[in-house]
Amino acid sequence: MQIGIVGKPNCGKSTFFKALTLADVLIANYPFATIKPNMGFGHVKVDCADTFFNVKCNPRFGFCINHKRFVPVEVIDVAGLVPGAYEGKGMGNQFLDDLRQADALVHVVDCSGGTNEKGEPIAPGSYDPANDIKFLEFEIDMWYLGILKKGWEKFARTVQQEHGNIVKALAKQLSALHVTEDLVEGAIKKLGLNVEVPASWTEEQMVKLASEFRGATKKMIIAANKIDVPVAKQNLERLKKEFPNHVIIGCSAESELALKEAAKHNLIKYIPGENNFEIIGNPSDSQKNALDFIKKNILDVFGSTGVQQIMNAAVFELLRYIAIFPGGINNLKDSEGRTLPDCFLLPENSTALDFAFKIHTDLGNNFIRAIDVKTKRTVGKEHLLKNLDVVEIITSK
């Protein structure tokens, strides 16, 4: 799974990425600070299974604080997008190509309206952030359309003349964008397109088809950033009303980054996504003032910085993944003595057999049965897993 961080230049995109990953990236107050994509790992936060068994876990990957398990997820921060990107403007072509593998997108928007459509700084409140939501979806739709229409006339005529299957042909052509046959078939039915004569499809129908594909393969959440700027709060409420079908969460990437850096330097204890922190070190006066500002203006007002909530919403609400722990009914430790060392993220409706293959091909190939460790119930390969299940795989070897 890969989450793409997208947005126009100078909206706080790289700050959001660094707040997620603590990766060393360039954060600059000018367009196109990000040229090559930054890669890193953010984390989703789940209740750790160790509380159920009254033990303390030892994660191999990610970490656990106060029984909150943080499971790593790959994140990519790409070059800023400007209007006309699909035509190659700005870093457009590179930006879009870098997004091919992303399963979901976090669109970072300057909710304060303090940057114009090109990402240039202006007075807060003088630009409507709703424009950014519309233009980014349009740009990606147009990118999909360009790929869809590449050699379309010849492609459509060939399918007609050879009485081919347009559904299979389109899925093959768009496979790099994770477009499946089921998705193509569903979109064609929804739009009422004539599968016998694809060459007759109009430009408007093609645009709608591209939009359907984009919506299904690049699910998007809006990170309404810079929520600490006074005008941003009313903009956030307006955006939620204007885009009722979008998941929109207010955030302050700068505040999250400051809290994580302070925790990293042992100045505070902080669990990402929480509404408080504890000072344990000796921050300077300026650091105390900054922490006090974050507490009063962000955490007390909004309940969190929003960054962790956005990451969780992308994985668990948009992509509808579940978190599953491997474990044994008689032993929760691995061969090196680590307790509940792993936590895997799987798509919803995953079965016990899917989980076996996720851990290792040999476990899937030699699968006999599984055990729900919490209930001690034996289940078969078709058993559907639930979020936060602990599962033991029994094999023939």
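Kindly indicate whether Ile249 is in contact with a Gly (Cβ under 7 Å, 6 or more places away or on another chain) and buried (at least 21 other Cβ atoms within 10 Å of the Cβ).
yes
Restricting attention to segment 348-383, the residues that are loosely packed, with under 13 Cβ neighbours inside 10 Å and within 13 Å of Ile322 (Cβ to Cβ) total 1. Ile298 meets each of the listed conditions (1) under 15 Å from Ala223 (Cβ atoms); (2) not in a helix (DSSP H, G or I) apart from (2). For segment 98-127, residues that are in contact (Cβ under 8 Å) with a residue 24 or more places away in the chain, over 23 Å from His178 (Cα atoms) and outside any strand (DSSP E or B) total 10. Residues that are under 19 Å from the mean Cα position of the chain (by Cα) and not in a loop (DSSP other than H, G, I, E, B) were ranked within segment 334-357; the one that is farthest from Asn58 (Cα to Cα) is Pro347. Considering only segment 316-331, I want to know if a residue exists there that is on the phi < 0 side of the Ramachandran plot, without any contact (Cβ under 8 Å) to a residue 12 or more places away in the chain and of a type in the set (Asp, Glu). Checking segment 316-331: not a single residue is on the phi < 0 side of the Ramachandran plot, without any contact (Cβ under 8 Å) to a residue 12 or more places away in the chain and of a type in the set (Asp, Glu). Among the residues of segment 167-185, some residue qualifies, meaning at least one is in contact (Cβ under 8 Å) with a residue 24 or more places away in the chain and open to solvent by 60 Å² or more (accessible area, probe 1.4 Å). The residues of segment 129-156 that are open to solvent by 10 Å² or more (accessible area, probe 1.4 Å), under 26 Å from Lys241 (Cα atoms) and in contact (Cβ under 8 Å) with a residue 40 or more places away in the chain, listed by number, are Phe135, Glu137, Asp141, Met142.
The values are calculated or read from the model by the stated rules, or taken from the named source; none is laboratory data. Just so you know, these numbers come straight off a predicted model, no measurement behind them. Glycine gets a Cβ as well: all are built from the backbone with ideal geometry, and neighbour counts include every protein chain shown. Just the protein is used for accessible areas: all its heavy atoms, side chains included, with ligands, DNA and RNA removed. Shrake-Rupley method; radii C 1.70, N 1.55, O 1.52, S 1.80 Å.
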